[in-house]
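Read the structure below first, then the notes.
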Amino acid sequence: MVIVRTIDALQEAKNALSGSVGFVPTMGALHKGHLSLIQQARKENEHLIVSIFVNPTQFLEGEDLDAYPRKEAADTRICELSGVDILFMPTVDAMYEKDELHIGAPAIRGYILEGEKRPGHFDGMLQVVMKLLNLSGANNAYFGKKDAQQLALITQMVKNYFMDVKIIPCSIVRDEKGLALSSRNIYLNGEEKERALSLSRSLKRATKMVMAGELNVEVIKKEMLIVLEETDEVEYVAIVDREFNALDVVEIGNTMILVAAWVGKPRLIDNMWI
Ligand code: PAF
């Protein structure tokens with residue numbers, strides 16, 4: 001595995017590769033969720049590039065940029081053992097200049113749900129993902145369904161800017177109790193971890209209701225909110241189609257149920273695709 005930190009070194013390392021390239025962009029603190037993306041990308045491509053970059057432009061004022069977990073040594077080892085060809089760990093200066101050109105999230109889909117709670121977050125996320133996709137020159141790029149809105153916006157960006165890369169959505173990875181894996185789960189103590197399970201429980205409850213024939217969105221959301229009373233604060237429960245349009249009635253095969261809630265220090269998100 002080659003570790004590169006500059007754009008020139010990345011280009012040089014990439015030039016030595018021939019054949020299909022898979023790319024997994026991350027912010028580090030790798031867990032089993034990342035590992036499943038890396039493993040899938042490893043299987044489906046001849047070469048694999050992983051990036052680790054805690055992107056400042058997607059953190060809002062007062063968010064956990066400085067405290068965001070950084071585990072370079074452990075992450076490097078995981079990448080090495082997973083058959084990564086190039087590990088790209090750029091500095092902020094390598095990625096950004098002062099008076100940058102900006103791309104923005106779409107006015108509606110970029111400013112509802114996560115975008116409403118974290119205004120500007122998706123602008124910064126798309127800005128860095130555009131750079132990373134261009135730099136990697138990958139054929140296939142892998143993103144988790146857990147960040148469903150991020151995934152939808154990246155897919156839209158690739159379509160709108162005619163970018164030559166295929167975005168591959170990957171399943172959510174959960175712990176044995178059902179908690180969706182996230183780098184921020186390390187902030188949860190034992191009691192909070194138990195309460196955090198109410199996110200996945202609320203989604204299970206919703207799925208069961210749908211399976212039993214209840215398709216009314218308001219009725220399902222009401223039940224979910226009861227399960228979510230165990231959290232400290234619910235930010236949203238949403239039932240939308242795969243393009244993030246609000247639904248009154250669940251459309252089997254085209255629906256996502258999404259939840260965001262605070263438990264202790266972290267803000268957690270989870271979702272289920274129906
Ligand atoms: O999902 C993430 O970890 C980040 O948003 C991403 C896609 C690596 C961009 O910084």
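The stretch between ASP64 and LYS204 holds 47.4 nm of extra length on full extension. This uses 0.36 nm per residue minus the Cα-Cα distance. Listing THR207, THR6 from fewest to most neighbouring C-beta atoms within 10 Å gives THR6, THR207. Taking label points 7 Å from Cα along the Cα-to-Cβ direction, ALA74 and GLN11 give a separation of 3.6 nm.
Taking amide H positions as placed 1.01 Å from N in the peptide plane, with prolines and chain starts having none, which residues 5 or more places from PHE143, or on another chain, fall under 5 Å of its amide H? So PHE143 has HN proximity to ILE168, CYS170. The long axis of helix 32-44 is offset from the longest Cα principal axis of the chain by roughly 60 degrees.
Using θ = phi - 60° in the Karplus curve 6.51 cos²θ - 1.76 cosθ + 1.60, the 3J(HN,Hα) couplings for the stretch 117-128 round to 6, 10, x, x, 4, 6, 4, x, 5, 5, 4, 6 Hz; x is entered for Gly and Pro.
Using only Cα atoms, tell me the angle between helix 217-227 and the longest principal axis of the chain; keep it within 0 to 90° and round to the nearest 10. So the helix axis and the longest Cα principal axis differ by about 90 degrees.
In straight-distance terms, cross-link reach from LYS204 covers every one of the lysines whose alpha-carbon lies under 26 Å from its own, apart from those fewer than eight places away in the same chain; here that gives LYS32, LYS117, LYS145, LYS146, LYS177, LYS193, LYS221, LYS222, LYS265. Considering helices alone, the calculated mean residue ellipticity of the chain at 222 nm is -11500 deg cm²/dmol, with DSSP H runs of length four and up weighted by -39500 (n - 2.57) and normalised per residue.
Treating r as the C-beta distance of THR91 and GLU46 and R0 as 30 Å, the FRET efficiency rounds to 0.55. For the chain, a Gaussian network of Cα nodes joined below 10 Å ranks ALA180, ALA238, ALA16 by mean-square fluctuation, and the top entry is ALA16.
By the equivalent-ellipsoid construction on the alpha carbon gyration tensor, the stretch 103-197 comes out with semi-axes of 28, 17, 11 Å, ordered largest to smallest. For the stretch 165-246, the gyration tensor built on C-alpha atoms gives an oblate shape. Its axis ratio a/c (a ≥ b ≥ c) is at least 1.5, and a/b is not larger than b/c. DSSP beta bridges fully contained in the chain are about 50 percent antiparallel. Spacing of the modelled spin labels on MET130 and ASP248, each 7 Å from Cα toward Cβ, amounts to 3.8 nm. Amide H contacts under 5 Å for LEU215: none, restricted to partners 5 or more places along the chain or on a different chain, H placed in the peptide plane at 1.01 Å from N. For the pair LYS222 and LYS166, the difference between a 0.36 nm per residue extended length and the Cα-Cα distance amounts to 16.4 nm. A cut-off of 5 Å between modelled amide H atoms, ignoring neighbours fewer than 5 places along the same chain, links LYS71 with ALA29. Under 22 Å Cα-Cα from LYS98, which lysines qualify once same-chain neighbours fewer than 8 residues away are excluded? List returned: LYS131.
Working from Cα pairs under 8 Å separated by at least six residues, relative contact order for the chain is 17 percent.
Bear in mind these aren't lab numbers, they're just calculated from the coordinates by the rules spelled out. Since we're looking at a predicted model, the values are computed, not measured. With ideal geometry, Cβ positions are generated from the backbone for all residues, glycine too; neighbour counts draw on all protein chains shown.
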